[in-house]
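Peer 1: Once you've had a glance at the structure underneath, I'll fire off some questions.
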Amino acid sequence: MSIAASPPLPRMPAYEVDAQGWVPGARRLPSPNFEARPQGAVPTLIVIHNISLPPNVFGGPEIADLFLNRLDCDAHPYFDAHLRGVRVSAHFVIHRDGALEQFVSCDERAWHAGASSFFGRERCNDFAVGIELEGSDTTAFEAAQYATLAALVKALVARYPIEALAGHSDIAPGRKTDPGPHFDWARLQRDTRLGAASFPYIQGCDAQGATS
Ligand SMILES: [Zn+2]
């Protein structure tokens, strides 16, 4: 191996969404925290989040435990203060190593966005797919996470009439800060080759970058 070789690119997985809204390439951990989307509602928005439990601690089972209603809230003061009795979910979690988990079918309404508004259209959970990146507002995300995210977004765009991607902080400003300042929107745009119109909250998002 040449010492001048570039570092290997992260594995770029290929995903698809099946007829029931599940991604066969994801580890499936069905959460009870979902409900039917309103009549006629289809996913048109992808919401990007970050989560770590406890905050800034990575690698444990706590995110899945939370979404499966089995988190031990006596195990950490943060859980006790903030998560006791909370019923939440996201469609997907992308771990630090790029591993993908799915908790709710994309055809169903997961509980990730809370009170939210996408350019005046409220209740974003009705029409959104929620993707949680294991991370925090103070830590860079891993290359493997961007690779999985781009592949997942491509699969969602191929399956649903996705019109836009947004951060949780974009649709719940003042209440939420995730995915935070370390999330590289330009990188996601480049990796997905989606046009600037798909990133309505990103200032100066370069549409030409999608093809260069
Ligand atoms: Zn969030």
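Peer 1: Please express the shape of the chain as an equivalent ellipsoid: the semi-axes are the square roots of 5 times the eigenvalues of the C-alpha gyration tensor, given largest first in whole angstrom.
Peer 2: Computed over the chain, the values are 25, 22, 18 Å.
Peer 1: Related question: How big is the gap, in Å, between the Cα center of segment 67-94 and the Cα center of segment 172-187?
Peer 2: Spelled out, the Cα-based centre of one part sits 21 Å from the other.
Peer 1: Okay, moving on. Using DSSP, restrict attention to beta bridges with both residues in segment 27-200 and report what percent are antiparallel, rounded to the nearest 5.
Peer 2: Percentage antiparallel, nearest 5: 35.
Peer 1: Take the Cβ-Cβ distance between HIS182 and ALA115 as r, set R0 to 35 Å, and report the resulting FRET efficiency rounded to the nearest 0.05.
Peer 2: Given R0 = 35 Å and the Cβ-Cβ separation, E is 0.90.
Peer 1: Can you put VAL42, VAL104 in order, fewest other beta carbons within 10 Å first?
Peer 2: In order of increasing Cβ crowding within 10 Å: VAL42, VAL104.
Peer 1: If you don't mind, there's one more thing I want to ask. I'd like to know which of SER117, ALA81, ASN33 lies farthest towards the positive end of the charge dipole of segment 32-138, counting +1 on Cβ of Lys and Arg and -1 on Cβ of Asp and Glu.
Peer 2: The Cα lying farthest towards the positive end belongs to SER117.
Peer 1: Could you please rank CYS73, CYS106, placing first whichever residue has the fewest other Cβ atoms within 10 Å of its Cβ?
Peer 2: CYS73, CYS106
Peer 1: Could you go through segment 171-180 in sequence order and give the Karplus-derived ³J(HN,Hα) for each residue, using 6.51 cos²θ - 1.76 cosθ + 1.60 with θ = phi - 60°, rounded to whole Hz, and x for Gly and Pro?
Peer 2: Whole-Hz 3J(HN,Hα) from phi for segment 171-180: 9, 9, x, x, 10, 10, 10, 7, x, x.
Peer 1: At 0.36 nm per residue, minus the direct Cα-Cα distance, what do ASP18 and VAL57 gain on full extension? Give it in nm, one decimal, please.
Peer 2: My answer for the length gained is 10.8 nm.
Peer 1: Give the calculated FRET efficiency between ALA158 and TYR201 to the nearest 0.05, with a Förster radius of 30 Å applied to their Cβ-Cβ distance.
Peer 2: Computed FRET efficiency for ALA158 and TYR201 comes out at 0.85.
Taken together, the values in this text are just the output of simple stated rules run on the coordinates, not laboratory data. Quantities reported herein were computed from a predicted structural model and do not represent experimental measurements. Glycine also receives a Cβ, built like all others from the backbone with ideal geometry; neighbour counts cover every protein chain displayed.
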